[in-house]
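The values are calculated or read from the model by the stated rules, or taken from the named source; none is laboratory data. This structure is a prediction, so every number in the text was calculated from the model and none was measured. With ideal geometry, Cβ positions are generated from the backbone for all residues, glycine too; neighbour counts draw on all protein chains shown.
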Amino acid sequence: MDKLEEIVEEIISSVGSVGVCEDKFREYRVFEDNDYRVGAVDGSTSIVLDCASFIVYLIRVGYEIHGNSDIIERCWGPEIGIISANNVHEIYTREFNEKPDTDDLTLIVQRIRELREWMIARELIRELDEGDVLLLDGNLTPGIKKMESFVDDVVNNAIKAGVHLVGISKRSSINHGHVPIVPYIAYIGNKIMKNKLWYYPLGDYVETKNGKVYAVRYHPASSIGFRTDIIGDEPAEIFGKIARFSNHPGYLGYPYPLASIHNRVFIDSSTRQYWREKLSMRILEKKGENLVNILSFNFHDILDMGV
């Protein structure tokens, strides 16, 4: 047996070992009442300048609230900053009240963005009403342990306010052996529940501190299922409310409020280049040299041009 054949057999064997119980699939319907709103929070990061020992970064975060006919939106940034081996301890301690556990500067910037998103979620709960839904991009487990108490406060505030706090992951890392569980469950669910909305509990595959986890299809014509973390014991109602906002033809089966705020906060290449050129010109005016290109030189860029 050659190596490729071994890989094929391993993948097939892994799929065969996944015990998806068809009886656990539950059908739900689009929520009929429309007297509620759906809020969505997301953020984006981009590296403007990577000089190995320091990076200049952009962070943009924002939210939208979707109602029957109106959309309330607010976006912050982009916030520009610099983080280096010299100031990483100061910045990390200021943000998280502890010493950094990593020297990966890009990862630290991503953690700062995640914290900003949770801060917005905390404020947004105060603006939403009982029965409204608040969507976050990703699951409801914070990326670092130090944020757990902060996230716990957000969760408790949502429960007290009667706001459904929901995390939806565009891609899930839950697996069984080599098999990514969520897309495989979606494959099975779509076969046995054609043209229906369904959800499937994932408690057998993942443990989470906050709420319960499901695989969910949000539109009967979509083949995609999403990992969905919820706070509350009314999955059919919560998913039904989200499904009413998941029929945009460009993002069929994905909640449009999340798609919309993603597009609004996304930092594209032109924005990144604008800030790089602005930084370069400001340095050139003061120093008379193009330090941006000098300090960020990486021979990989030259090698990759020929590929």
Name the residues in segment 98-116 that are over 20 Å from Cys75 (Cβ atoms), out of contact with any Pro (no Cβ under 8 Å at 6 or more places or on another chain) and of a type in the set (A, V, I, L, M, F, W, C), would you?
-> Leu105, Leu107
Hey, Ile120 hits all of (1) in a strand (DSSP E or B); (2) closer than 28 Å to Asp35 by Cβ; (3) among the β-branched types (Val, Ile, Thr) but one; which does it fall short on?
-> (1)
Those residues of segment 160-181 which are farther than 30 Å from Ile7 by Cα, surrounded by 15 or more Cβ atoms within 10 Å (Cβ to Cβ) and more than 19 Å from the chain's Cα centre (by Cα) amount to Ala161, Val163
With respect to Ile91, is the statement that it is modelled with pLDDT of 95 or more, in the same structural domain as Asn156 (by TED's automatic domain parsing) and not in a loop (DSSP other than H, G, I, E, B) true?
-> no
Considering (1) loosely packed, with under 14 Cβ neighbours inside 10 Å; (2) touching a strand residue (DSSP E or B) at 6+ places or on another chain (Cβ under 8 Å); (3) within 30 Å of Asn290 (Cβ to Cβ), say which one Asn87 fails and leave the rest.
-> (2)
Within segment 228-255, residues in a helix (DSSP H, G or I) and touching a strand residue (DSSP E or B) at 6+ places or on another chain (Cβ under 7 Å) come out as Pro235, Ala236, Ile238, Phe239, Gly240, Lys241, Ile242, Ala243
Among Ser46, Ser14, Ser69, the single one that is part of a strand (DSSP E or B) and among the polar types (S, T, N, Q) is Ser46
Of Glu130, Glu98, the only residue that is at pLDDT 95 or above, assigned to a loop (DSSP other than H, G, I, E, B) and more than 21 Å from Tyr254 (Cα to Cα) is Glu130
Kindly indicate whether Ile47 is β-branched (Val, Ile, Thr) and free of Cβ contacts under 8 Å to residues at least 60 places away in the same chain.
-> no
Any idea which of Ile125, Ile108 is in a helix (DSSP H, G or I) and closer than 30 Å to Tyr218 by Cβ?
-> Ile125
